[in-house]
1. Being over 30 Å from Val126 (Cα atoms) and modelled with pLDDT under 95 narrows it down to one residue among Asp93, Asp40; which is it?
2. When you go through Thr125, Thr115, Thr132 one by one, which is the residue that is over 28 Å from Val79 (Cα atoms), outside the structural domain of Thr66 (by TED's automatic domain parsing) and either touching a Phe, Trp or Tyr at 6+ places or on another chain (Cβ under 8 Å) or not charged (D, E, K, R) (or both)?
3. Can you name every residue in the stretch 58-97 that is of a type in the set (S, T, N, Q) and in contact (Cβ under 8 Å) with a residue 40 or more places away in the chain?
4. Quick check on Thr67: is it modelled with pLDDT under 95 and surrounded by fewer than 17 Cβ atoms within 10 Å (Cβ to Cβ)?
5. Are any residues in the stretch 147-183 over 19 Å from the mean Cα position of the chain (by Cα) and more than 13 Å from Arg225 (Cβ to Cβ), and if so, which ones?
6. If you take the residues in the stretch 34-64 that are within 22 Å of the chain's Cα centre (by Cα) and of a type in the set (S, T, N, Q), which one is surrounded by the fewest Cβ atoms within 10 Å (Cβ to Cβ)?
7. Looking at Ala154 and the list (1) part of a loop (DSSP other than H, G, I, E, B); (2) hydrophobic (A, V, I, L, M, F, W, C); (3) at pLDDT below 95; (4) surrounded by 13 or more Cβ atoms within 10 Å (Cβ to Cβ), which single condition is not satisfied?
8. Which of the following residues is assigned to a loop (DSSP other than H, G, I, E, B) and not assigned by TED's automatic domain parsing to the domain that holds Met182: Asp73, Asp64?
Amino acid sequence: MRALRANRYALAGAVTVLAVVLLGVGWMWLRDSSFVAVQDVTITGAQGSQADEVRSALTRAARDMTTMHVREDELRAAVRQYPTVASVSAEADMPHRLRIVVRSRIPVAALDTGTRRIPVAGDGTVLTGSRTDDLPQVRVRTSVGGHRVRGEKASALVALMATAPPALRARAERAFIGPDGMTVVLRDGPRLRFGRGDRLPAKWAAAARVLADDEAKGATYLDLRLPERPAAGGLAAPVATEQDPAAAATGVTPTPTQTPTP
């Protein structure tokens, strides 16, 4: 009797193990089968001049996967050659759709070595292959090697442009470190004097406020070293006019008579 009961337990255990094995094999087969093959690939976040190439590379890699077996390491490997890609993540939507999100590096400045212009991202990554049109210029004294910005001054100026609001960055012509510290020259606008590299977001916000104020139009520079008290310099002094005694008594200034042009 005991032997029969032991045989039953052994048989039940064997059946359980066989069932687990069969389920595992079935899962492995289904996971990589055409029933869940990726057919529809949605990619968001790819930016810059390499965006089309990035999307093509990710689509090709994704079509070799299934929605039950997404291999993000292979997606990252597919775009490793593109420095504009900071990271890649993916989410499956059964049965055939894969959504891929790209976090892109965008160029914020162009390093000017005297012989060429090199686009660089806000984190200091050199974006080889990206365009440098309309990027603010940062002059560097030595050649740039490797994949990141070198040099304390160049890194500080890149960080300055990385914190700029996009609208103001688009107007920036060049950035340098001079007697007034870090300075940005705007196209058709004043020079922005930032001083040291602290509190940059607050200083940029102060610059935006002053530039939007009609009273600051015509300024040749903005002193942003104290963002709570930005100063517009180089404005023409208001023209003082002699007031009529009668007007002084009444508080009303008469409209000046225009001399007709001969």
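1. Every option except Asp93 fails the conditions.
2. On the way: Thr125 fails: over 28 Å from Val79 (Cα atoms); Thr132 fails: over 28 Å from Val79 (Cα atoms).
Exactly one residue qualifies, and that residue is Thr115.
3. Across the stretch 58-97, the qualifying residue is only Thr84.
4. In short, no.
5. Hits for the stretch 147-183 are Arg150, Gly151, Glu152, Lys153, Phe176, Ile177, Gly178.
6. Applying the filter and picking the extreme gives Thr44.
7. Failing condition for Ala154: (1).
8. Just one listed residue meets the conditions, Asp64.
The values are calculated or read from the model by the stated rules, or taken from the named source; none is laboratory data. What you see is a predicted model, and the numbers here were worked out from it, not measured in a lab. Positions of Cβ are backbone-derived with ideal geometry, glycine not excepted, and every protein chain shown enters the neighbour counts.
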